[in-house]
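The values are calculated or read from the model by the stated rules, or taken from the named source; none is laboratory data. Because the structure is a prediction, the values reported are computed rather than measured. As a convention, Cβ positions derive from the backbone with ideal geometry for all residues, glycine included, and neighbour counts pool all protein chains shown.
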Amino acid sequence: MTKILVIEDEKIIGEMISMYLTDEEFSVRRVETGRDGLEAVDAFGPDVILLDLMLPDMDGIDLCETVRRRFDTPIIVISMNTKVNERVRALNAGADDYMCKPFSMQELKARIGAAVRRYKPSLAAPAETAAAAADPDAAHGIGLDLQKRTVTVDGQPVETTFSEFELIKLLFEFPGRVFTRDELINTLRGIDSYVNDRAIDVHITNLRKKLEKNPKEPQYIKTVWGVGYKLALE
């Protein structure tokens, strides 16, 4: 399993990144200071480091230089600073990549995969294998292939948007669990920067039209009034 060290002192951003990468089957450790970051590089042995430049105890550029002198671990800087000279400073300090906040979580995952391929080709990004795909028979005719990112109904392929697939994937992983709209919004945040309660409702409506025999009386994607949605497979 690919190990990611997140050095980020902003709690909300750090937790969002950590939760997303954990869901994508990375092993994640997050710290909030440069000193803890240096200790974690030694103790955790990450395959990739995500480094915020604004840390409470030291300058991120200095930390990047320190890590690079001791390790060849790929470093991806994540920063609010969009200035070209700051990007150049980070790259000259030994960073392998630079991403400006806010960024797409899908792009972050892709950049991590690219860094791993360059430095450790034997390591694959977390595999979404066919074995992890749901059995269509067990799902009453609905099938998910996570590797190919396809959905089928009674064996027939169904076209979905990127956001629709991410939603049905989440519901499929936890059948019967009720997800609030906020939880579903967080799933898409970074993919769709304009996602809100109304957008979630629209995505669910579109999924019902594609998956349900009678979208007005859904068999699978159920509304839990006042809370959110769940996937019923029983």
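Take the conditions in contact with a helix residue (DSSP H, G or I) (Cβ under 6 Å, 6 or more places away or on another chain) and surrounded by fewer than 18 Cβ atoms within 10 Å (Cβ to Cβ) and apply them to Met58. Does it pass? Please lay out each step first, then the result.
Details: in contact with a helix residue (DSSP H, G or I) (Cβ under 6 Å, 6 or more places away or on another chain): yes; surrounded by fewer than 18 Cβ atoms within 10 Å (Cβ to Cβ): yes.
In short, yes.
Can you tell me which residue in the range 42-58 is nearest to Met80 (Cα to Cα), limited to those that are over 22 Å from the mean Cα position of the chain (by Cα) and not small (Gly, Ala, Ser)?
In the first step, residues of the range 42-58 are kept if they are over 22 Å from the mean Cα position of the chain (by Cα); the result is 42-43, 54-58.
Now drop any that are not not small (Gly, Ala, Ser), which leaves 42, 54-58.
Details: Asp42: 27, Met54: 9, Leu55: 12, Pro56: 15, Asp57: 18, Met58: 17 Å.
In this case the residue turns out to be Met54.
Among the residues of the range 72-81, is any of a type in the set (A, V, I, L, M, F, W, C), touching a helix residue (DSSP H, G or I) at 6+ places or on another chain (Cβ under 8 Å) and assigned to a loop (DSSP other than H, G, I, E, B)?
No: zero hits.
Ser163: surrounded by 14 or more Cβ atoms within 10 Å (Cβ to Cβ), polar (S, T, N, Q) and at pLDDT below 85, yes or no?
Details: surrounded by 14 or more Cβ atoms within 10 Å (Cβ to Cβ): yes; polar (S, T, N, Q): yes; at pLDDT below 85: yes.
Spelling it out, Ser163 is indeed surrounded by 14 or more Cβ atoms within 10 Å (Cβ to Cβ), polar (S, T, N, Q) and at pLDDT below 85.
What residue, among those in the range 61-77 that are among the β-branched types (Val, Ile, Thr) and crowded, with 23+ Cβ neighbours inside 10 Å, is farthest from Asp96 (Cα to Cα)? Spell out how you get there, then give the answer.
Step one: of the range 61-77, the residues among the β-branched types (Val, Ile, Thr) are 61, 66-67, 73, 75-77.
Going one step further and asking which of them are crowded, with 23+ Cβ neighbours inside 10 Å, we end up with 67, 75, 77.
Working: Val67: 12, Ile75: 5, Val77: 8 Å.
In this case the residue turns out to be Val67.
What are the residues in the range 22-55 that are surrounded by 18 or more Cβ atoms within 10 Å (Cβ to Cβ) and aromatic (Phe, Trp, Tyr), if any?
Phe26
State all residues of the range 76-107 that are in contact (Cβ under 8 Å) with a residue 40 or more places away in the chain and either among the basic types (Lys, Arg) or not assigned by TED's automatic domain parsing to the domain that holds Thr66 (or both); if no residue qualifies, say none.
Within the range 76-107, just Lys101 meets the criteria.
I'd like the residue in the range 197-233 that is among the charged types (D, E, K, R) and touching a helix residue (DSSP H, G or I) at 6+ places or on another chain (Cβ under 9 Å) and, out of all such residues, is modelled with the lowest pLDDT.
Filtering the range 197-233 for residues that are among the charged types (D, E, K, R) and touching a helix residue (DSSP H, G or I) at 6+ places or on another chain (Cβ under 9 Å), the one modelled with the lowest pLDDT comes out as Asp197.
Does the range 172-185 hold any residues that are over 14 Å from Asp145 (Cα atoms) and over 15 Å from the mean Cα position of the chain (by Cα), and which are they?
The first filter runs over the range 172-185 and keeps only residues over 14 Å from Asp145 (Cα atoms), leaving 174-185.
Matches in the range 172-185: Phe174, Pro175, Gly176, Arg177, Val178, Phe179, Thr180, Arg181, Asp182.
Which condition number in (1) over 21 Å from the mean Cα position of the chain (by Cα); (2) at pLDDT below 90 is the one that Val67 fails?
With respect to (1) over 21 Å from the mean Cα position of the chain (by Cα); (2) at pLDDT below 90, Val67 is out only on (2).
May I ask you to list pairs of residues, at least six apart or on different chains, whose Cβ atoms are under 8 Å apart, with the first in the range 167-196 being modelled with pLDDT under 75 and the second being among the β-branched types (Val, Ile, Thr)?
From residues that are modelled with pLDDT under 75, the pairs are Leu188/Val195; Leu188/Ile200; Arg189/Val195; Val195/Ile185; Asn196/Ile185.
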